[in-house]
Amino acid sequence: MAQQCDIGLIGLAVMGQNLVLNMADHGFAVAAYNRTTSRVDDFIIGPAKGKTVLGCRRLEDLVQTLKKPRIAMLMVKAGDPVKQTVEQLAPLLEPGDIIIDGGNSHFLDTEEQIRKLQDLGILYLGAGISGGEEGARYGPSIMPGGTEEAWPLVRPIFQAIAAKVGPNNDIPCCEWVGPGGAGHYVKIVHNGIEYGDMQLICEAYSLLKDGLGLNNDTLYDVFAEWNRGELDSYLIEITRDIFSVKDEKTGNALVDMILDRAGQKGTGKWTSQHALDLGVPTTLITEAVFARSLSALKKKRVRASRMLSGPQGTIAEFRLTANKDEFIEQVRKALFASKICSYAQGFFQLQAAAAEYGWGLDYGEIAMLWRGGCIIRATFLEDIKAAYDRNSELENLLLDKYFKEAVTANQSAWRRVICTATEIGIPIPAMGAALNYYDSYRSERLPHNLLQAQRDYFGSHRYERVDEEGNFHTDWVGKRRKPG
């Protein structure tokens, strides 16, 4: 076959198909392959008909159609499917050719693939892609990392198909992230922040629906208003839309007919797991992961609801006595303050990972990668970019002037909302975690001097002193006051 295609894409599920169509729309010739060849045939005679897309029934055919240096992109399931596909593809390539993993792979798997292919001279990129099916089709956020030598060759394609932002809509939400697994790591943290954002919005919804008794039409209006201010974001926008959709079967609001049992694919969990490995307090995101896990215990929760009690009648009393407009505004402020803490934790974790792996990340540029195309896209991200422009060595977003003032302005309402939720028995694990993080981070002294004493008492783990350097151990049993 003639070498005519600019890029080959392997894996024609919805994301893969939409990326192929996006590339073709931007003038690139694409070779498309799927292990189940009937999917290739259906794609070529269906959505790709008339476009510069060539269907391939074998990996060998795909490789033969590619211009040199060849660029082959994988959109297959993370883990073993990626590894197996790379093993099949690599022997067909030559030094200088490029493999891109565009799936939700773990960043350590990406680093392993780079090491394995290095001796063969094959360049490897791990590119986080966010935006779902619509983003893939019309402009996703792309977070490429890996072997930097490959980036100039891939850049024209990726930046052409990426979402665009800026005053002239010409700044692509795609820029080089860093070496190794940096691209996939940034996507992992993106997904963790996404978990946090979604949980915070669900808690705000619960406070307004269950606490205040707002119906879906009013909730639509509230979220529409919020989306015109500092909470302007894709997730607030789609939440607004959800409240307007009716169930065709019952005529009820569709959201009310959906079982309250959340799913997850694990990428948010990776954020929390690696936060523990790094020793960084990504508490809000972790609470969001646990909240999904707790929601999945539907049958157990139903049984527990019949056996465990909480505040009696307080929600009804609150509905009667609350100033609705005032409480809605308090919830908005609590949501915004909590969101600031969520992003502060996410970027703090990125800083810790960059230090651990020597990635040299540009945090302002990462914020702009997320400004369009992706699930957490929000106007708010421009403020994060501005914060890192003011101070590229910023320890924590909470210390930036803008965010410090924003939290101060919203703090009183934030605390009142959490007190109210506690009093009337509405769970708000993410908002609570956000405030606890903020209060802990701003505390010069925490009670962990006692914890260190406990550790030294039962395990001789030693402790430091406030008045001199060194590590110390005390014979606590010998020095203690005897009971009685």
Considering every residue within segment 118-139, establish whether at least one is over 25 Å from V14 (Cα atoms), surrounded by fewer than 20 Cβ atoms within 10 Å (Cβ to Cβ), aliphatic (A, V, I, L, M) and in contact (Cβ under 8 Å) with a residue 60 or more places away in the chain.
-> no
Of residues in segment 168-210 being small (G, A, S) and in contact with a helix residue (DSSP H, G or I) (Cβ under 6 Å, 6 or more places away or on another chain), the one surrounded by the most Cβ atoms within 10 Å (Cβ to Cβ) | G196
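For segment 87-103, which residues satisfy the criterion of being buried (at least 20 other Cβ atoms within 10 Å of the Cβ) and touching a helix residue (DSSP H, G or I) at 6+ places or on another chain (Cβ under 8 Å)? I'd like the intermediate steps shown before the answer.
Taking segment 87-103 as the starting set, the residues that turn out to be buried (at least 20 other Cβ atoms within 10 Å of the Cβ) are 89, 93, 97-103.
Matches in segment 87-103: L89, L93, I98, I99, I100, D101, G102, G103.
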Determine, yes or no, whether E225 is surrounded by fewer than 21 Cβ atoms within 10 Å (Cβ to Cβ) and either within 23 Å of R292 (Cα to Cα) or of a type in the set (D, E) (or both).
-> yes
Looking at (1) in a helix (DSSP H, G or I); (2) without any contact (Cβ under 8 Å) to a residue 40 or more places away in the chain; (3) not basic (K, R), which is the one condition that is false for T286?
-> (2)
For N391, are the conditions met, namely being modelled with pLDDT of 95 or more and touching a helix residue (DSSP H, G or I) at 6+ places or on another chain (Cβ under 6 Å)?
-> no
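Would you be able to say whether some residue in segment 343-354 is over 24 Å from P281 (Cβ atoms), outside the structural domain of A160 (by TED's automatic domain parsing) and in contact with a Ser or Thr (Cβ under 9 Å, 6 or more places away or on another chain)?
As a first pass, look at segment 343-354 and keep what is over 24 Å from P281 (Cβ atoms): none.
Checked against the condition, which is being over 24 Å from P281 (Cβ atoms), outside the structural domain of A160 (by TED's automatic domain parsing) and in contact with a Ser or Thr (Cβ under 9 Å, 6 or more places away or on another chain), segment 343-354 yields no hits at all.
Results for (1) in the same structural domain as A409 (by TED's automatic domain parsing); (2) within 17 Å of the chain's Cα centre (by Cα); (3) modelled with pLDDT of 95 or more, shown as yes or no for each residue.
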| site | (1), (2), (3) |
| --- | --- |
| G263 | yes, yes, no |
| W270 | yes, yes, no |
| T283 | yes, yes, yes |
| T286 | yes, yes, yes |
| L308 | yes, no, yes |
| N323 | yes, no, yes |
| E329 | yes, no, yes |
| A337 | yes, no, yes |
Quick one: F43 ticks every box in (1) under 16 Å from R137 (Cα atoms); (2) surrounded by 15 or more Cβ atoms within 10 Å (Cβ to Cβ); (3) in contact with an Asp or Glu (Cβ under 7 Å, 6 or more places away or on another chain) bar one, so which box is it?
-> (3)
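At negative phi, outside the structural domain of T422 (by TED's automatic domain parsing) and loosely packed, with under 10 Cβ neighbours inside 10 Å: which single residue out of D439, D467 fits that description?
Values: D439 fails: loosely packed, with under 10 Cβ neighbours inside 10 Å.
Of D439, D467, the one residue that is at negative phi, outside the structural domain of T422 (by TED's automatic domain parsing) and loosely packed, with under 10 Cβ neighbours inside 10 Å is D467.
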H461 passes all but one of the listed conditions (1) outside the structural domain of Q312 (by TED's automatic domain parsing); (2) under 29 Å from S272 (Cα atoms); (3) part of a helix (DSSP H, G or I); the exception is number (3)
Kindly check whether there is at least one residue in segment 52-60 that is part of a loop (DSSP other than H, G, I, E, B) and crowded, with 22+ Cβ neighbours inside 10 Å.
-> no
Assuming I426 fulfils every condition listed in (1) in contact (Cβ under 8 Å) with a residue 40 or more places away in the chain; (2) in a loop (DSSP other than H, G, I, E, B); (3) farther than 27 Å from T321 by Cα apart from one, which condition is it?
-> (3)
Some residue of segment 61-71 being among the hydroxyl-bearing types (S, T, Y), more than 19 Å from L125 (Cα to Cα), in contact with a strand residue (DSSP E or B) (Cβ under 9 Å, 6 or more places away or on another chain) and assigned to a helix (DSSP H, G or I) = yes
Output the residues belonging to segment 299-346 that are within 18 Å of F223 (Cβ to Cβ) and of a type in the set (D, E, K, R).
-> K324, D325, E326, E329, R332, K333, K339
Residue by residue through segment 429-458, note down the ones that are outside any helix (DSSP H, G or I) and out of contact with any Ser or Thr (no Cβ under 7 Å at 6 or more places or on another chain).
-> R442, S443, E444, R445, P447
Picking from T65, T110, which residue would you name as being of a type in the set (S, T, Y), assigned by TED's automatic domain parsing to the domain that holds W176 and over 30 Å from the mean Cα position of the chain (by Cα)?
-> T65
Select the helices (runs of 4 or more DSSP H) contained entirely in segment 156-253, then report the ones holding at least 1 residues which are more than 28 Å from I285 (Cβ to Cβ), among the charged types (D, E, K, R) and free of Cβ contacts under 8 Å to residues at least 24 places away in the same chain.
-> 216-226
Taking segment 319-341, which residues are more than 15 Å from S206 (Cα to Cα) and of a type in the set (A, V, I, L, M, F, W, C)?
-> L320, A322, F336, A337, I340, C341
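The values are calculated or read from the model by the stated rules, or taken from the named source; none is laboratory data. Model, not experiment: these values are computed from the prediction. In this analysis, Cβ positions are derived from the backbone assuming ideal geometry, glycine residues included, and neighbour counts consider all displayed protein chains.
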